[in-house]
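Just below is one structure, and these are the notes that go with it.
The values are calculated or read from the model by the stated rules, or taken from the named source; none is laboratory data. This structure is a prediction, so every number in the text was calculated from the model and none was measured. Positions of Cβ are generated from backbone atoms using ideal geometry, with glycine treated the same way; all protein chains shown enter the neighbour counts. SASA here: full protein model, heavy atoms, side chains in, ligands and nucleic acids out. Shrake-Rupley method; radii C 1.70, N 1.55, O 1.52, S 1.80 Å.
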Amino acid sequence: MTSDRPQRLQPDQQGIARAAAILRDGGLVAFPTETVYGLGADARNDRAVASVFAAKGRPDFNPLIVHVPDWQAAQALCRFNDTADRLADAFWPGALTLVLPLRAGAGLSRLVTAGLETLAIRVPDHPLAQALLRASGLPIAAPSANRSGRISPTTAAHVVSSLGGRIDAVLDGGPCPVGLESTIVGCSDAPVLLRAGGLPVEAIEACLGRPLVLPSGEAGQPSSPGQLESHYAPSGTLRLNADAAGPGEVLLGFGHVVGATLNLSPAGDLLEAAARLFDCLHQLDAMGADRIAVSPVPERGLGRAINDRLRRAAAPRP
Ligand code: AMP
Ligand code: MG
């Protein structure tokens, strides 16, 4: 069988330059980090980020980790506090992701953070990841490079067998040295272990001189991405599958509908709708919309994740 997708790029200057060019054009490139292979996209490009979710076949939008080449680049995107400074100093570059308040005007796609005001950020240590970050000059959003629900890939062959023709290229750097996802620590308040991973919790606790808070009880239990989904919902109420706006409602349209105040995608393109979803919800908030009717979005492909998010936003709140 012959297929030119994904391009297999060698770990040399030419391969790195090609990978960087694909990312700058809004394409998807899987690349090695010390933890697992990441599925990289330009974190500032809504459509590129939406296509990450499409390629993975995710049924929901959970926020992605953004990779940057150094601490300085991280500081341009997030606000650090003493705890975060200490952890970054001790463990970056490395298998530690910090969740920190996002800076206003950081310029990232809202889809990367799933509309949250916090950002998960990491400085990877792998020389190819570093080279790609520097060659592209981009913050790179990268979840693990596997289909949703499958095992994280630790070789380029794993990536190809899982994502095949759904991505543009894979930069082949051989097996990943750590082979486990990064450890995620939330640093907005008291440091919280959000996911156990490649950097041992004991090392983090020794560095901070205090235990990490465990969010849902058990040590080492990955926090359900689903828990995060409720963090962002517009302040107005949503009525889904609406054919038209009723009295006192504004319409968030999808496809060819008349009278929409905002439209996720007038052309009915699910990728465009995913790319615009969080931005539209924020815009409706900024307008002070308190009753929002939403056009039906088909329950296929990215439509499933869009509907998941809309249903969460529409659910009764405490
Ligand atoms: P992956 O990209 O597959 O390694 O998964 C990223 C993990 O980071 C998911 O479990 C997310 O829920 C978590 N995450 C990303 N952004 C945030 C955030 N802003 N707050 C809390 N957790 C986050
Ligand atoms: Mg994963």
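Of everything listed in (1) over 11 Å from residue 238 (Cα atoms); (2) open to solvent by 40 Å² or more (accessible area, probe 1.4 Å), the single unmet condition for residue 316 is (1).
Residue-level check: of (1) open to solvent by 20 Å² or more (accessible area, probe 1.4 Å); (2) at pLDDT 95 or above, residue 100 misses just (1).
How about the stretch 114-170: which of its residues are within 15 Å of ligand 2 (Cβ to nearest atom), charged (D, E, K, R) and at pLDDT below 95? Result: 147, 150. For the stretch 266-287, a tally of residues being modelled with pLDDT of 95 or more and of a type outside the set (A, V, I, L, M) returns 3.
Residues of the stretch 23-54 that are part of a helix (DSSP H, G or I), open to solvent by less than 20 Å² (accessible area, probe 1.4 Å) and within 16 Å of residue 133 (Cβ to Cβ): 23, 48.
Among residues that are assigned to a strand (DSSP E or B) and under 16 Å from the mean Cα position of the chain (by Cα), residue 97 is included. Of the residues 57, 149, 137, the single one that is open to solvent by 30 Å² or more (accessible area, probe 1.4 Å), at positive phi and either away from ligand 1 (no atom under 12 Å from the Cβ) or of a type in the set (Val, Ile, Thr) (or both) is 137. Kindly establish whether residue 179 is at positive phi, within 16 Å of ligand 2 (Cβ to nearest atom) and more than 18 Å from the chain's Cα centre (by Cα). Here the answer is yes, as residue 179 does meet what is asked. When the stretch 152-183 is limited to residues that are hydroxyl-bearing (Ser, Thr, Tyr) and free of Cβ contacts under 8 Å to residues at least 40 places away in the same chain, the one that is farthest from ligand 1 (Cβ to nearest atom) turns out to be 161. So, residue 70, is that one on the phi < 0 side of the Ramachandran plot, open to solvent by less than 60 Å² (accessible area, probe 1.4 Å) and modelled with pLDDT of 95 or more or not? Here the answer is yes, as residue 70 does meet what is asked.
Matching residues to (1) open to solvent by 20 Å² or more (accessible area, probe 1.4 Å); (2) without any contact (Cβ under 8 Å) to a residue 24 or more places away in the chain:
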| residue | (1), (2) |
| --- | --- |
| 241 | yes, no |
| 259 | yes, yes |
| 266 | yes, yes |
| 278 | no, no |
| 289 | no, no |
| 294 | no, no |
| 303 | no, no |
| 310 | no, no |
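Set side by side, the residues 114, 120 differ, and just one is closer than 16 Å to residue 64 by Cβ and in a strand (DSSP E or B), which is 120. Taking the conditions exactly as written (under 22 Å from residue 168 (Cα atoms), away from ligand 2 (no atom under 16 Å from the Cβ) and not in a helix (DSSP H, G or I)), does residue 58 satisfy them or not? For residue 58, the condition - under 22 Å from residue 168 (Cα atoms), away from ligand 2 (no atom under 16 Å from the Cβ) and not in a helix (DSSP H, G or I) - is not met.
In the stretch 127-144, the residues that are touching a residue at least 60 places away in the same chain (Cβ under 8 Å) form Cβ pairs under 9 Å with partners that are part of a strand (DSSP E or B) and of a type in the set (Phe, Trp, Tyr), at six or more places apart or across chains, as follows: 128/31; 129/31; 132/31; 140/31; 142/31; 142/37; 144/37.
Does the stretch 67-88 contain any residue that is touching a Pro at 6+ places or on another chain (Cβ under 8 Å), part of a loop (DSSP other than H, G, I, E, B) and within 16 Å of ligand 2 (Cβ to nearest atom)? No, the stretch 67-88 contains no residue that is touching a Pro at 6+ places or on another chain (Cβ under 8 Å), part of a loop (DSSP other than H, G, I, E, B) and within 16 Å of ligand 2 (Cβ to nearest atom). Quick check on residue 76: is it more than 27 Å from residue 207 (Cα to Cα), away from ligand 1 (no atom under 13 Å from the Cβ), of a type outside the set (D, E, K, R) and open to solvent by 30 Å² or more (accessible area, probe 1.4 Å)? So residue 76 does not fit the description; no.
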